[in-house]
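The next block holds one structure in the form of structure tokens; read it before the comments.
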Amino acid sequence: MAQQNDLLKDIALALSLLTRLPIRLDEDAYAQSARAAWAYPLVGVVTGLITCIAAKLALWIGLPLWSAAILALAAGIVVTGAMHEDGLGDCADGFWGGWDPAMRLKIMKDSQIGTYGVLALGITLALRVGVLVELLRFDNWALPLVAVHVASRAVMPAIMTALPHARDVGLSKSVGVVSMHCAQIAAGVGVLALIFTFGFYGIAMALVAAICAYFCITLTRAKIEGQTGDVCGASQQVTEAALLLTLLAG
């Protein structure tokens, strides 16, 4: 029973950290934030379902596919507070707007968005909407969409395990050091979701997610020599876009 309660607490903590859902936890619970990283992919079940519900409601009232796709994407952004999109924009600005790690981290902390951030967000949002429009033409699109939400969040603990903290403050630093065991569980949940949904093709999609994680780790190490909350959010966005494109190609 105690172990079951710990699992439920981890899931609630992951939802509290990665969404804007009104989940109230004791302050002491956040001391276990690193342990709860294994549950990040399970947050994708919630965000994926909310995205699907928004799309189904839009289609039910007779809106065209492009409207349903935009509203579905908007619902997912609202439930996460645009946390991951913010991370992508900050990383794009910092990684390519600064000349050294210190300057890049300073730019990433700036609340203003620059050209690189606007372009990165514009491209990924356009890709995601475009893929959703095509997916909605099929009958059974909901489960694949949820699986992508799950798998894209499975890369975040890997980033947090592979790289040290780039700052002494921030969301990622407050979470703490994520163990390899937690990262492996998260990766396993993501792989199982893909294989369960797509069968043999799920292995190819899992490989795409692994490549995205490796790319994000390598690029981040070269640019700022460590990870931040923005890096974790950016890795989710990059992986989600890549998985959606892989899904459409298949």
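Once a ≥ b ≥ c are taken as the square roots of the eigenvalues of the Cα gyration tensor of region 150-246, is the result rounded (a/c under 1.5), prolate (a/b larger than b/c) or oblate (a/b not larger than b/c)? Prolate. Quotient of the Cα radius of gyration of region 59-156 and 2.2 N^0.38 Å, N being its number of residues: 1.28.
Can you send over the carbon and sulfur percentage of the accessible area for the chain, probe radius 1.4 Å, protein chains only? Ligands and nucleic acids excluded, carbon and sulfur reach 68 percent.
Counting only whole DSSP H helices of the chain, the ones at least 18 Å long by C-alpha along their axis and with mean Kyte-Doolittle hydropathy no lower than 1.0 are 40-60, 65-80, 115-135, 142-162, 180-198, 201-223.
Counting 0.36 nm for each residue step from Leu143 to Ile123 and taking away their Cα separation leaves a gain of 4.7 nm.
Helix-only arithmetic for the chain: the sum of -39500 (n - 2.57) across DSSP H runs with n ≥ 4, divided by the residue total, places the mean residue ellipticity at 222 nm at -25000 deg cm²/dmol. In the complete set of protein chains, residue-level accessible area for His181 is approximately 120 Å², probe 1.4 angstrom.
In this structure Met180 has an accessible area near 110 Å², from a 1.4 Å probe over the protein heavy atoms. Here the spin labels are modelled as points 7 Å beyond Cα on the Cα-Cβ line, and at Leu207 and His181 they lie 3.2 nm apart. Ordered from largest to smallest accessible area (heavy atoms of protein chains, 1.4 Å probe), the residues Asp230, Asp26, Asp10 come out as Asp26, Asp230, Asp10. The alpha carbons of the chain stretch over 52, 50, 35 Å along the principal axes, in descending order.
Overall, the chain carries a charge dipole of about 180 debye about its Cα centre when +1 sits on the Cβ of Lys and Arg and -1 on the Cβ of Asp and Glu, all other atoms neutral.
The values are calculated or read from the model by the stated rules, or taken from the named source; none is laboratory data. Please read all numbers here as calculations on a predicted model, not as lab measurements. FYI the Cβ positions are ideal-geometry reconstructions off the backbone, even for glycines, and counts take in every protein chain you see. We work out accessible area using only protein heavy atoms, side chains counted, and drop any ligands, DNA or RNA first. Shrake-Rupley method; radii C 1.70, N 1.55, O 1.52, S 1.80 Å.
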